[in-house]
Amino acid sequence: MTELAVTAPELDAGDAAPIEAAREEVLVLDYGGQYSQLIARRLRECGVFSELLPHDVPLEEVARRKPRGIVLSGGPASVYAEGAPRLDRELLALGVPVMGICYGMQLLVHELGGRVEQAEVGEFGRSDLHISEPGVLLRDMPTEQTCWMSHRDTVFEPPPGFTALASSSSSPVAAVQDTARGIYGIQFHPEVVHTPYGQEILTRFLTEVCGCEQTWSPASIVEDQIRRIRAQVGEANVICGLSGGVDSSVAALLVHRAIGDQLTCVFVDHGLMRKDEGEQVVSAFRDTFKVPLVAVDAEERFLEKLKGVTEPEAKRKAIGAEFIRVFEEEAEKLADADGEPIGDRPARFLVQGTLYSDVIESGGGTGAATIKSHHNVGGLPDDLQFELVEPLRALFKDEVRAVGAELGLPERLVWRQPFPGPGLAIRVVGGEATKERLNVLREADHILQEEIRKAGLYRELWQSFCVLPDVRTVGVQGDERTYGYVVVLRAVTSDDAMTADWARLPYDLLETIASRMINELREVNRVVLDITSKPPGTIEWE
Ligand code: XMP
């Protein structure tokens, strides 16, 4: 994956936070817990915008955002460890309700004079919770329930002024509250599904403690973003590189909704797409949504650049470089149409489908100096002086899909599996991506996609695709010896592509796929299945 610094002169930390003031927000401060992201996500699922920030985010930044509530996440440290992340006591003086989860609770208890100690045994996994005093968070719930724990330090006594609400098998104090100061703590993890009443507890905090109205929804995201894009862009022209993937599609549609024909999309068809995907993109955007679209058929140019290139990184580079060339040419033509060269138009904008996960990966949500390039745009060079419009910067992938559906994007586009920018070229492995090999691969891939969809498995799989190694094997068909290509089937399940497992596709489905490929594709006489997880393998072969 390429990472590039794109100059974004007008973006500062304030702008990077996508929509503010107009909507209610609860901040999650990250103390390094494995579920921190999940907390933010669950709060959003409760209809309240939530963002994860580093635990040491400056207090002024927290205050500036006027959150309705603050959640302190879990984390691996012990409050007694040297260098353990601390709590800024000023945070409690902001007059904003605070809830600590796991380490977050221990931190509150420790700072405010309660007793936290390392217990003899840790408490990991499912645990029984006994509610002694429901308080605000645990009201109207069974007094005996299960919950998910993951801690070694344990709270033995709440701080002065706090009430203990519950205990568990190994935690004498598993939940606390001080309603007067608006401070709450729970030792277990309400954000994981193994805590059956977890979502209810989070909802209680949001509604009864923070007074949130739960209005965050795909429709409200669309409205907010439209307002914001208009304010950012004004009368200027905007361009967007459309790849056919869900991120750039949704970003483009949102921007079009906001500023209409000030937006022009550029779709570079490098000839390395899946079967019919180029046409689907053009037809959806140009015909259905009436978005001004320049579609460039650049297949021959790309094939020319791929001649003789076999090494994976060289292939990626050749494709990336050519992509930029074509994109720049088109961008310049667009500027020329207005009679002005692009370099003299500082108010020109470029839409990027950057997601929240990209922001986090590239070092957090508050700074915007280095922005991970949208892979599918191919990685634009940093001397392209565009200002960025990033309407998906606050969203998780599933929220992007929900927004896409809200905007009327066809289901096929909304649910499209990830597809690498360099396309099929990096799936013709160990050899040159020639037109002939790409065609064989494209047809095989088409059969796989059709059968996976027919079996109703498309959405369950993170990715499903074929790989065409530069290998031929001997076969026998109709009494004749054949010497044909081997097609590799690769299907994986994953949450984020960081790790992946090979998908256990049903045998009957595999048989149908293999026999269709061998019968329908003259060049193919063998089909094999990749059963490697990631790690140790990667998802792609190159
Ligand atoms: P790997 O193969 O590293 O892939 O396990 C992780 C995810 O990234 C995608 N991928 C790419 N996407 N350009 C892209 O736009 C690339 O060069 C590239 N290489 C891998 C891959 O499909 C998977 O979703």
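Assorted remarks:
- Restricting the stretch 166-195 to residues that are modelled with pLDDT under 95 and out of contact with any strand residue (DSSP E or B) (no Cβ under 6 Å at 6 or more places or on another chain), the residue that is nearest to residue 73 (Cα to Cα): 191
- For the stretch 418-451, the candidate set comprises residues that are closer than 30 Å to residue 400 by Cα and more than 16 Å from the ligand (Cβ to nearest atom); within that set, the residue that is surrounded by the most Cβ atoms within 10 Å (Cβ to Cβ) is 444.
- Test: residue in the stretch 446-457 that is in contact with a helix residue (DSSP H, G or I) (Cβ under 6 Å, 6 or more places away or on another chain), part of a helix (DSSP H, G or I) and farther than 25 Å from residue 430 by Cα: yes
- Meets criteria (within 20 Å of residue 31 (Cα to Cα), among the basic types (Lys, Arg) and in contact with a strand residue (DSSP E or B) (Cβ under 7 Å, 6 or more places away or on another chain)) for residue 89: no
- Taking each residue of the stretch 218-229 that is at positive phi and looking for partners that are not hydrophobic (A, V, I, L, M, F, W, C) with beta-carbon atoms closer than 6 Å, six or more apart or interchain, yields nothing.
- The single condition among (1) touching a strand residue (DSSP E or B) at 6+ places or on another chain (Cβ under 9 Å); (2) buried (at least 16 other Cβ atoms within 10 Å of the Cβ); (3) over 16 Å from residue 522 (Cα atoms) that residue 485 does not satisfy is (3).
- Within the stretch 110-131, if we keep just the residues that are in a loop (DSSP other than H, G, I, E, B) and surrounded by 15 or more Cβ atoms within 10 Å (Cβ to Cβ), the residue that is farthest from the chain's Cα centre (by Cα) turns out to be 114.
- For the stretch 467-482, the set of residues classified as within 16 Å of the ligand (Cβ to nearest atom), in contact with a helix residue (DSSP H, G or I) (Cβ under 9 Å, 6 or more places away or on another chain) and more than 16 Å from residue 520 (Cβ to Cβ) consists of 467 only.
- Scanning the stretch 497-508 for residues that are in contact (Cβ under 8 Å) with a residue 24 or more places away in the chain, surrounded by fewer than 16 Cβ atoms within 10 Å (Cβ to Cβ) and either β-branched (Val, Ile, Thr) or more than 16 Å from the ligand (Cβ to nearest atom) (or both) yields 499, 506.
- Selection status of residue 351, at pLDDT below 95, away from the ligand (no atom under 16 Å from the Cβ), closer than 28 Å to residue 465 by Cα and in contact with a helix residue (DSSP H, G or I) (Cβ under 6 Å, 6 or more places away or on another chain): no
- Of all the listed residues (464, 494), the sole one being of a type in the set (S, T, N, Q), within 16 Å of the ligand (Cβ to nearest atom), at pLDDT below 95 and closer than 22 Å to residue 537 by Cβ is 494.
- Just one of (1) within 12 Å of the ligand (Cβ to nearest atom); (2) farther than 15 Å from residue 464 by Cα; (3) surrounded by 12 or more Cβ atoms within 10 Å (Cβ to Cβ) fails for residue 541. It is (2).
- Residue in the stretch 246-266 that is outside the structural domain of residue 433 (by TED's automatic domain parsing) and part of a loop (DSSP other than H, G, I, E, B) present: no
- Applying the condition of being in a helix (DSSP H, G or I) and acidic (Asp, Glu) to the stretch 311-327 and asking which residue is nearest to residue 266 (Cα to Cα) yields 322.
- Restricting attention to the stretch 409-435, the residues being in contact (Cβ under 8 Å) with a residue 60 or more places away in the chain and farther than 21 Å from residue 461 by Cα number 8.
- Residue 225 meets each of the listed conditions (1) closer than 30 Å to residue 190 by Cβ; (2) modelled with pLDDT of 95 or more apart from (2).
- Matching residues, the stretch 292-306, being more than 29 Å from the chain's Cα centre (by Cα) and outside any helix (DSSP H, G or I): 297, 298
- Residue count for the stretch 509-534, restricted to those that are part of a helix (DSSP H, G or I) and among the polar types (S, T, N, Q): 3
- The stretch 509-538: number of residues that are within 14 Å of the ligand (Cβ to nearest atom) and surrounded by 19 or more Cβ atoms within 10 Å (Cβ to Cβ): 0
- Residue 537, sole failed condition from (1) in contact (Cβ under 8 Å) with a residue 24 or more places away in the chain; (2) not in a helix (DSSP H, G or I): (1)
- Filter result for residue 207 (polar (S, T, N, Q) and without any contact (Cβ under 8 Å) to a residue 60 or more places away in the chain): yes
The values are calculated or read from the model by the stated rules, or taken from the named source; none is laboratory data. Worth saying up front: this structure is predicted, and the values here are computed from it rather than measured. Don't worry about glycine lacking a Cβ; one is built from the backbone with ideal geometry, like all the others, and counts go over all protein chains shown.
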